[in-house]
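Colleague: Below is a structure I'd like to ask you about.
The values are calculated or read from the model by the stated rules, or taken from the named source; none is laboratory data. Because the structure is predicted, anything quoted here is derived from the model rather than measured. Cβ: placed from backbone, ideal geometry, glycine included. Neighbour counts: every protein chain shown.
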Amino acid sequence: MALDFEDFYAQRSVEQPVASDDLLVLTTDGKGIVMHSEDLREATAQAAKKSSSSRQTRFSPGQKRQRKRMATVASVYSVPRYERQPEDIIGDQRDPPDRPAIHDKGVWASVRQDAKTVIGSAFREATHRDPHHQREWVVLVDGEPHQLKTIKALAKHQGVEVTIVLDFIHVLEYIWKAAFCFFPSGSEAAEAWVQERALRILQWICQ
């Protein structure tokens, strides 16, 4: 199955450019995969060797075992515009608007190729779907600096204007970290504090 990976995804490419008012969305992320030691990249293997020689019996928060290689995952799809208000996302809204279905989704992933190559594949697929850049391109990211740098460089090279959107889930992670500086983990006070500030951020974005 692994040998057929490239050909499989090549045949799933959208055959013809698609004229549509739907957003053309690209998204990319990294995923750590646990590897055998002999399959680690050199720098990670050296760090793993150093870690294994340590007499530590317990890792401190944030300390890694150095057993993973990063795979880059990228996707391209189309989706109708979906407008919401901040209160539809955070708060006591019980009846948010129906979410439209995405379509024509393609996915790429590789642990061997670097991020630039995988993200470049997504940009080529998006250009294949919209060669004259007549649609609105949106790139959904998690905010990793190298990822952002790569996306901006590829967009400039392709001559296409993109709207970069930071996944709000990753913003929430930082708000929760701040909350735990003031309130006990799992407390209702922390929950309320995070909700109020998350809503405030969304309201600021919508101004």
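Here's the yes/no breakdown for (1) among the hydroxyl-bearing types (Ser, Thr, Tyr); (2) under 17 Å from THR72 (Cβ atoms); (3) crowded, with 16+ Cβ neighbours inside 10 Å:
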{"position": "VAL118", "(1), (2), (3)": "no, yes, yes"}
{"position": "ARG124", "(1), (2), (3)": "no, yes, no"}
{"position": "HIS133", "(1), (2), (3)": "no, no, no"}
{"position": "LEU154", "(1), (2), (3)": "no, yes, yes"}
{"position": "GLU161", "(1), (2), (3)": "no, no, no"}
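Colleague: Name every residue in the stretch 118-139 that is without any contact (Cβ under 8 Å) to a residue 40 or more places away in the chain and either within 17 Å of ASP29 (Cβ to Cβ) or among the aromatic types (Phe, Trp, Tyr) (or both), in order of residue number.
Modeller: Correct list: GLY120 only.
Colleague: Take the conditions within 13 Å of the chain's Cα centre (by Cα) and modelled with pLDDT of 90 or more and apply them to LEU154. Does it pass? First the steps, then the outcome.
Modeller: Numbers: within 13 Å of the chain's Cα centre (by Cα): no; modelled with pLDDT of 90 or more: yes.
No, not satisfied.
Colleague: Given TRP176, TRP137, which one is aromatic (Phe, Trp, Tyr), in contact with an Asp or Glu (Cβ under 8 Å, 6 or more places away or on another chain) and under 29 Å from MET70 (Cβ atoms)?
Modeller: Exactly one of TRP176, TRP137 is aromatic (Phe, Trp, Tyr), in contact with an Asp or Glu (Cβ under 8 Å, 6 or more places away or on another chain) and under 29 Å from MET70 (Cβ atoms), namely TRP137.
Colleague: Given the residues LEU166, LEU172, which is the only one that is within 19 Å of PRO86 (Cβ to Cβ) and surrounded by 15 or more Cβ atoms within 10 Å (Cβ to Cβ)? Show your work before the answer.
Modeller: Numbers: LEU166 fails: surrounded by 15 or more Cβ atoms within 10 Å (Cβ to Cβ).
The conditions single out LEU172.
Colleague: For the stretch 157-207, what are the residues that are touching a helix residue (DSSP H, G or I) at 6+ places or on another chain (Cβ under 9 Å) and among the acidic types (Asp, Glu)?
Modeller: Answer for the stretch 157-207, where residues must be touching a helix residue (DSSP H, G or I) at 6+ places or on another chain (Cβ under 9 Å) and among the acidic types (Asp, Glu): GLU161, GLU191.
Colleague: Hey, among ALA109, ALA153, ALA178, which residue is out of contact with any His (no Cβ under 8 Å at 6 or more places or on another chain), assigned to a strand (DSSP E or B) and more than 15 Å from VAL25 (Cβ to Cβ)?
Modeller: ALA109
Colleague: When you scan the stretch 76-110, how many residues do you find that are closer than 29 Å to GLN203 by Cβ and either modelled with pLDDT of 90 or more or of a type in the set (A, V, I, L, M) (or both)?
Modeller: Total meeting the criteria: 10.
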